[in-house]
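Coordinate-derived values only; no laboratory data. Values in this document were obtained by computation on a predicted structure and should not be read as measured data. When we count neighbours, we look across all protein chains shown, and the Cβ atoms used for this are built from the backbone with ideal geometry, even at glycine.
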Amino acid sequence: MRYFQPATLDEALAIRRGNDVVPLAGATDVYPARAGRRAWGDPTHKDVLDLSRIEALRGIEDRGDHVRIGALATWTDLIRADLPPLFDGMKRAAREVGGVQVQNRGTVVGNACTASPAGDGIPNLLALDAAFEIEGPSPRLVPAEAFFTGYRATACGPHDIVAAIRIPKREGRGHFVKLGARRYLVISIAMVAAALETDAAGRIVSARIAVGACSAAAGRLPLLEAALPGAPLTDAPALVEPRHLAHLTPIDDIRASAGYRMAAALALVGDALADLSRPAARVA
Amino acid sequence: MLEVDKDRARHAVQPQHAFLVTLKVNGEEHRLNVDARTTLLDALRDRLHLTGTKKGCGLGQCGACTIIVDGRRVVSCLTLAVMNQGKEITTIEGLANGALHPVQQAFIEHDAFQCGYCTPGQIMSAVGLIQEGRTRSDDEIRENMSGNLCRCGAYTNIVDAIKDAIAHGLDPREAMTQAVEAIAQDAGREA
């Protein structure tokens, strides 16, 4: 295995163009994933492109109309960042990714690029209409819904690097709920992220809701999102129906059966809306 | 240009299988040739013979290998030695300064372990937590210690020990300073 450790994004992109490499930022997933596929000496392993020395990729920045999360920004950076209530769900997810020791090294962008169906950051990125800054032969901005293309698959090509995620700043509050087999340090059975805007009378103006761990890639709930505007927020939990989740395709696995996942997702959507209808309890 | 810097400049774009790295552990610099795949944990234990840091799961789940790097607690099994070039690394061996660190003392007084295997990781994690200041309630301590598993189930006493370390004169903001000073003094003694 060869290991590249460039100091600039341009160098990293040149390496990416000329070699078959797996990019690495916080490195908290690459080792367990590889250990699971036998030892590191496995000749099928790709070479590694370590991005951790590229200073320009660090930090979370408020850019007026959007917040930019650099490719090396960690979950702890996110928890500590001063962000509006729209980001509360994202911060809740940050606190559920492993323990603090993993939150201190694991990155938001890395979690997205791994594109695990159970990636805790992903439903939030969908609900927040995040966009991915992809650098490479054809630099582009890809909306989250187009970025997550399937099971551990993304729109980031073999010669591309995700430099940052941009999240548009809007009114409203975000929330995130996750079900695991225990409270902490656990992979999700099902999870829900929501971003809701309400008017002065407490009626829903817009709703963006996404479910994770219930399909090959996390996805939004367009039927429910269309049903909610106009309704009082306090009535919202009762408006959630099984048909709003009918397009999800949960699987049976070691953590839960498909039927349990579907039932859990339905309950979690209601819980997320109920939580949002209560006075804001800020986290982090 | 230092030899290490030359080496770094060369492998910025040229890939390598092995690296010459300088690891600053407990105030002392160590130069090592490591395979790129070597985790920081294995480098500490097998190359520097600092075996206080324990290897539990090797997958970032148990927290036994928790150390402090540049002021933040991390699991050393999920980071590569080559990624920690030049960073300030503190392990359990660097914590005591003649007398035990207040967190070490509190763990003993509260019997906050049984077999002891997870203890160095618990203590390093607690030192990091106290410095973060997120210890306003038992629940908050439990949440922020959730990255450290104790299969003997000493959790109740671990929370008590952490509260005691804070109550008995360990100012959260000084937890790290104290550890860093201990290291500096140790280094001074050896020099």
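What ranking, highest mean first, results for peptides A:199-206, A:166-173 when packing means the other Cβ atoms within 10 Å averaged over each residue?
Ranked by mean Cβ neighbours within 10 Å, highest first: A:166-173, A:199-206.
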Rounding to the nearest 20 debye, state how big the charge dipole of region A:174-277 is about its Cα centre with +1 on each Lys and Arg Cβ and -1 on each Asp and Glu Cβ. 300 debye
Obtain the nm distance between the two label points defined at A:D82 and B:L32 by a simple spin-label model: each point lies 7 Å from its Cα along the Cα-to-C-beta direction. 4.0 nm
For the protein assembly as shown, just the Cα atoms, rotate onto the principal axes and tell me the three extents in Å, largest first. 73, 56, 43
Return the whole-Å distance between the Cα centroid of region B:14-28 and the Cα centroid of region B:95-144. 29 Å
Just to verify a number: FRET efficiency for A:D10 and A:A267, C-beta to C-beta distance, R0 = 56 Å, to 0.05? 0.70
Which value in nm describes the separation of the simple spin-label points at A:E171 and A:R17, placed 7 Å from the Cα toward the beta carbon? 4.7 nm
Taking Cα atoms, the helix A:9-18 axis meets the longest principal axis of chain A at an angle in degrees (rounded to 10) of 70 degrees
Cα pairs beyond 27 Å in region A:3-168, in percent, come to 19 percent
Go ahead and estimate [θ] at 222 nm for the protein assembly as shown from helices alone: -39,500 (n - 2.57) per DSSP H run with n ≥ 4, summed, over the residue count, rounded to 500. -9000 deg cm²/dmol
Using the alpha-carbon atoms, what tilt in degrees (0 to 90, nearest 10) does helix A:258-277 show relative to the longest principal axis of chain A? 70 degrees
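For peptide B:142-150, how many partner chain Cβ atoms fall within 10 Å of a residue's Cβ, on average?
Taking all residues of B:142-150 together, the mean is 5.
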Taking neighbour counts of Cβ atoms within 10 Å as a proxy for exposure, in what order, fewest first, do A:L179, A:L239 appear? A:L239, A:L179
Sorted by chain and number, the residues with a modelled amide H under 5 Å from that of A:V22, at a separation of 5 or more or across chains, are A:D47, A:V48, A:L49
Rounded, prolate or oblate: which fits region A:118-238, taking a ≥ b ≥ c as square roots of the Cα gyration tensor eigenvalues, rounded meaning a/c under 1.5, else prolate when a/b beats b/c? oblate
Average other protein chain Cβ within 10 Å of Cβ, residues B:70-78: 6
Put +1 on the Cβ of each Lys and Arg and -1 on the Cβ of each Asp and Glu in chain A; which of A:A263, A:V186, A:A246 then has its Cα farthest toward the positive end of the dipole? A:V186
Could you check how many percent of all C-alpha pairs in region A:174-277 are farther apart than 15 Å? 58 percent
Along the charge dipole of the protein assembly as shown, pointing to its positive end and built from +1/-1 on Cβ of Lys, Arg, Asp and Glu, which listed residue (A:S277, A:G212, B:G98) has its Cα farthest out? A:G212
Shape parameters for chain A, alpha-carbon atoms, Rg then Dmax in Å: 18.8, 62
Nearest-20 debye value, chain A charge dipole, Cβ charges on Lys, Arg, Asp, Glu: 560 debye
Descending packing, highest mean Cβ count within 10 Å first, for B:119-132, A:128-141 is B:119-132, A:128-141
Size of electric dipole in the protein assembly as shown: Cβ of Lys, Arg +1 and of Asp, Glu -1, about Cα centre, debye, nearest 20: 840 debye
For A:K169, give me every one of the lysines with a C-alpha distance below 27 angstrom, ignoring sequence neighbours fewer than eight places off in its own chain. A:K91, A:K178
